[in-house]
Amino acid sequence: MESLNKLWLSTGLANFELGQVIMMLVGCGLLYLAIARSFEPLLLLPMGFGAVLTNIPVAGFSEVGGFLSYVYHGGIETGIFPLIIFMGVGAMTDFGALIANPKTLLLGAAAQTGIFATLFGAIALNAVPGIEFTLREASAIAIIGGADGPTAIFLATKLAPELLGAIAVAAYSYMALVPIIQPPIMRALTTLDERKIEMAQLRSVTKIEKIIFPLGVLMMTIFFLPAATPLVGMFCLGNLMRESGVVDRLSSTAQNELINITTILLGLGVGSKLSAEAFLNIETLGILGLGAVAFSIGTASGVLMAKLMNKLSKVPINPLIGAAGVSAVPMAARVANKVGLEANPHNFLLMHAMGPNVAGVLGSAVAAGILLALVG
Amino acid sequence: MNSMEQQFLEAGSLMLAGMVVVFAFLGLLILFITTVLAKLAVTFPDKIAPITNRSNKKNNKATSGEISPAIVAAISGAVSRYRQQHAEPNLKK
């Protein structure tokens, strides 16, 4: 009888707590979004599964010595996984469109307004009872506006590791929702005539330009913002491997096997932070709300900047491409192309939007570096 | 309340500094692209691969002006493969 009782006490049923059940349902919700709705499935699937695993009673996945605890401390707390992913993203990025039309860098800069404006929102939320964000936590939340998953995770682990789960879930959820969040803002801020604007064909970019570009970006980061060199440096390494053409094997590994393995572990590690005590609180609701605000402000700022540039420039600029400045590569560029096609079926903005899109990646990495330097 | 005001002030200065640095950094990058990279592009343009008709010459020589049997075989192979691939769905219907 004692053995039976002991056996019963070792079952999940006897040990479940309400919080764990709720968090498992949250994990299942992420799995649903990934599988049924194809929302950022590459990360939401392992993240959702990680949330389920970490909330299994008795198994101790996230306790000291548990598998997920090693994954988190070894890869995420150290910042290794987001940086490896950034290298892979660099290896997948073609800066040709940006080099052909460098003015689009300003759109990537303008869209970062979402990050810094959200700081105010996070602090304003302190007026709500039960919420108390420090400036470090507010900065970690604000980076969601950069629409860049690895950057958000990297900064959150440095500034507010206790909020990592909620920040990662918010960042990736909103990145998946780009096609839903952005178009109404883009339409509201532009006229039909502006959306119809056709842009001049981009010039061809030489190989030497593409090789020197990442080196130049790295040099500038070293000189002016060394706090951003972990992110920018790994990004530039990946890009140089791609463009140099002499290490195709390494470039291919960074773009495929390495980034895939790291994505699995990163998703599981972030999922391990989705425990009831860390996630089920009013602060999480605040973070989810602020994420949407950050995204919207970033999109609006990009579009408004593009409108201004169109007014001042001799060469026509379709304001829709400004929305792609919020990073979220290549989804935001695709959205700009789609909204442009709705207004003018002969208007293909994809390549033009890729310029501000990759500028947004650089911009959010620079913004993260600034936050680290000033608040970290 | 004072502490919140203080935090708002800090956030304001952070936003100002942040946006100035982001614009300055990416502005410098524009300068870098339009000066250094543009000059490099002019100095070291991409080499245009010479168009060689080596394989054609070889084939032409062999057949003295006629289309070589190898090309005929390749074209007919491709045509029959195309027909096979596009005929299947119709057959299923």
Problem set entry | Output for segment A:94-112, where each listed residue is part of a helix (DSSP H, G or I), crowded, with 21+ Cβ neighbours inside 10 Å and among the small types (Gly, Ala, Ser) | A:96, A:97, A:108, A:109, A:110
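Please verify whether residue A:298 is under 23 Å from residue A:198 (Cα atoms), within 14 Å of chain B (Cβ to nearest Cβ) and either part of a helix (DSSP H, G or I) or of a type in the set (Asp, Glu) (or both), treating the condition exactly as stated.
no
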For this session: Please work out which one of (1) surrounded by 23 or more Cβ atoms within 10 Å (Cβ to Cβ); (2) closer than 29 Å to residue A:352 by Cα is the condition residue A:138 fails and give its number.
Result: (2)
Exercise. Before we move on, is residue A:125 crowded, with 24+ Cβ neighbours inside 10 Å, within 14 Å of another protein chain (Cβ to nearest Cβ) and part of a helix (DSSP H, G or I)?
Worked result: no
Problem set entry | Enumeration of residues in segment A:12-54 that are closer than 21 Å to residue A:259 by Cα, crowded, with 16+ Cβ neighbours inside 10 Å and free of Cβ contacts under 8 Å to residues at least 60 places away in the same chain | A:31, A:34, A:41
For this session: Sort out for me the helices (runs of 4 or more DSSP H) sitting completely within segment A:199-264 that have 1 or more residues that are of a type in the set (Phe, Trp, Tyr) and within 14 Å of chain B (Cβ to nearest Cβ).
Result: A:207-224, A:229-244
Problem set entry | Looking only at segment A:307-333, and only at residues there that are closer than 30 Å to residue A:171 by Cβ and free of Cβ contacts under 8 Å to residues at least 40 places away in the same chain, the one that is surrounded by the most Cβ atoms within 10 Å (Cβ to Cβ) | A:333
Exercise. From the set of residues in segment A:340-370 that are touching a residue at least 60 places away in the same chain (Cβ under 8 Å) and surrounded by fewer than 24 Cβ atoms within 10 Å (Cβ to Cβ), which is nearest to residue A:222 (Cα to Cα)?
Worked result: A:351
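Within segment A:80-93, is even one residue facing another protein chain (nearest Cβ under 9 Å), in contact with a Pro (Cβ under 6 Å, 6 or more places away or on another chain) and either modelled with pLDDT under 90 or part of a helix (DSSP H, G or I) (or both)?
So the first thing to find is which residues in segment A:80-93 are facing another protein chain (nearest Cβ under 9 Å), and the list is none.
Within segment A:80-93, not a single residue is facing another protein chain (nearest Cβ under 9 Å), in contact with a Pro (Cβ under 6 Å, 6 or more places away or on another chain) and either modelled with pLDDT under 90 or part of a helix (DSSP H, G or I) (or both).
The values are calculated or read from the model by the stated rules, or taken from the named source; none is laboratory data. Quick caveat: nothing in here was measured; it's all calculated off a predicted structure. Neighbour counts run over all protein chains shown; Cβ positions are idealised from the backbone, glycine included.
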